[in-house]
Amino acid sequence: MNQWKFCPSLDCWCMEDVVYTDKAAVPQAQRLSVFAPKAYLSETGIIQERGACGRYTAQNAPVIFENNAAGYMEMPNTHPGEDRFFGSPYLAQGMVYVTCGCRGRSSRNEQGEYVGKAPMTIVDFKTAIRFLRHHRGVLPGDWNRLISVGFSAGGAMSALLAVSGDHPDYDPYLRENGAYMEESDAVYAAQIYCPIIDLEHADMAYEWQFGADPQSEESYAGPAEIMTPFKEAVSRKLSSMYVTYVNGLELTDPRTGEVLTLGEDGRSGSFYECVMRRLSDAAKLCGEQPPVDLDEDVLHRRRRMKACTAFDRLDEQSGENELFGNRAQNTAHFSLSVAKAVASVAEQFPEEAASLAEGWKHCSDEGFQTRLRLLNPLAYIRDPQGKKAVHYRIRVGADDADTAFSVSMTLAVMLQNAHLGTVDDALVWHQPHCEADLPGQIQAWIHQICRQ
Ligand code: DHB
């Protein structure tokens, strides 16, 4: 109660840089800050139950839990004035705001061991939510109206928090992390921006979308690269494997109930039409010409960003390769699909394929498959265990080439097909890989879902 400080620039109370577990291996990252509108607390930190701000009071204000995960890296919680501090508009409209840091792929403990590999980032956020709930008696806001927000890797974490609330799969990790085991980590709703999810299938999706483009751009994902014949063959195989993967998902069009399928050419079928409709809807909202086909869109509007293979890189140099290392080993392959694609071109490219052959052996191990699952929201949507959020909002920039558009669309459709609650999904034209949105829209959505 006596930890609150007044923040004049935001006209709110804040409690900053609180370590959320006694067992923090990386205390500089395993921290959070809480911000609350001025009216919700007295000068001495006592909750003013009738204190009102905007549409809310200290008792019923929704709580925004914004995770600051990025690039699956170790990230701190954010502070007012920093680029990634997004608290101001929420606070101005009477919401309580939390920003939360986490361990990530390069985190090390004092002994130098890697302690932030998959699935530790999500374990940290669940630990943080349980910590906050444990202290709800001194925190304003309605802790049953927790709204998770995140972007990119943080969007993945937001989706995962929303579909895996209190799922026992995470218990051993939570216990080890010092989490309050009697508290819940379930959330009421999730805003999911540009989610980088389904990593074990994302390479197939990427080649399916961007296969026509032989050249990647220079980015944080790697240098610009022109495809070799070997990589072209891998790309073609991954793309055709994606057709099989999509057709096995048993998705149905939420509007018509029609089964969503991809034609063998990858450029026909109702799934493909759904992807194109989502793109067209975004263009039309801006009064712009909708793209006519996906290859044209890739070659003339938003070209390939990442080289083939995009996530599980053959040289093991991606952020995701670092994510799936272990305590002792910094990087690892993780996608059996990539392994299969490489193996399938071995006859044609014996030297290239032979030099890679051993790399994926550990991926079939049960323990390794579990780690993949623990980080993939798609794996939990249809799981009857685990509390699910009842409202989902997905936004992705139409200029975002960090992952294929079909990845977030699959998330949206699978959520709708599971009838978990409301799903509001759209691409946002002219926006890159970012918190792709129009000003005020997320707050308007929160007002709407909190009226119910
Ligand atoms: C992020 C971006 C990526 O391209 C990726 O592969 C993983 C994470 C990010 O911005 O968080």
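Taking a ≥ b ≥ c as the square roots of the eigenvalues of the Cα gyration tensor, region 300-414 is oblate, since a/c reaches 1.5 or more and a/b is not larger than b/c. For the chain, the carbon plus sulfur part of the accessible surface works out to 50%, probe radius 1.4 Å. Taking a ≥ b ≥ c as the square roots of the eigenvalues of the Cα gyration tensor of region 351-451, is the shape rounded (a/c under 1.5), prolate (a/b larger than b/c) or oblate? Oblate is the answer for region 351-451, as a/c is 1.5 or above yet b/c matches or exceeds a/b. Here the translational diffusion coefficient of region 331-371 follows from Stokes-Einstein with Rh set to the Kirkwood radius across Cα pairs; for 37 °C and 0.692 mPa s it amounts to 306 µm²/s.
Modelled spin-label separation between Glu351 and Glu218, with each label point placed 7 Å from Cα along the Cα-to-Cβ direction: 2.8 nm. The gain in end-to-end length when the Asp281 to Leu299 segment is fully stretched comes to 4.5 nm, 0.36 nm per residue minus the alpha carbon separation.
Relative to the current alpha-carbon distance between Arg236 and Ser9, full extension at 0.36 nm per residue lengthens the span by 76.3 nm.
Give me the net charge for the shell around Ala61: Cβ to Cβ below 10 angstrom, other residues only, Lys and Arg +1, Asp and Glu -1.
Details: positive: Arg55, Arg145; negative: Asp142.
Residues close to Ala61 contribute a combined charge of +1.
The length gained by stretching the chain between Ile46 and Glu82 to full extension, at 0.36 nm per residue less their Cα-Cα distance, is 10.1 nm. Using the 1.4 Å probe convention, the accessible area of region 31-160 works out to 32 Å² per residue with neighbouring protein chains retained. Ordered by solvent-accessible area of protein heavy atoms (1.4 Å probe), largest first, the residues Thr57, Thr44, Thr261 come out as Thr44, Thr261, Thr57. Which shape class, rounded, prolate or oblate, goes with the chain when its Cα gyration tensor gives a ≥ b ≥ c as root eigenvalues, a/c under 1.5 marks rounded, and past that a/b bigger than b/c marks prolate? Cα axes put the chain in the prolate bin. Averaged over residues, the count of other Cβ atoms within 10 Å places the peptides 337-343, 109-115, 64-70, 210-216 in the sequence 64-70, 337-343, 210-216, 109-115, highest first.
In this structure, the pairs whose alpha-carbon distance is over 32 Å, taken from Lys126/Lys231; Lys5/Lys388; Lys23/Lys387; Lys117/Lys231; Lys38/Lys284; Lys117/Lys284, are Lys126/Lys231; Lys5/Lys388; Lys38/Lys284; Lys117/Lys284.
Every helix of 4 or more DSSP H residues in the chain counts as -39500 (n - 2.57), and over all residues that averages to -9500 deg cm²/dmol at 222 nm.
The values are calculated or read from the model by the stated rules, or taken from the named source; none is laboratory data. Values in this document were obtained by computation on a predicted structure and should not be read as measured data. Backbone-built Cβ (ideal geometry, glycine too); neighbour counts: all protein chains shown. The accessibility values were calculated without ligands, DNA or RNA, using every heavy atom of the protein model including side chains. Shrake-Rupley method; radii C 1.70, N 1.55, O 1.52, S 1.80 Å.
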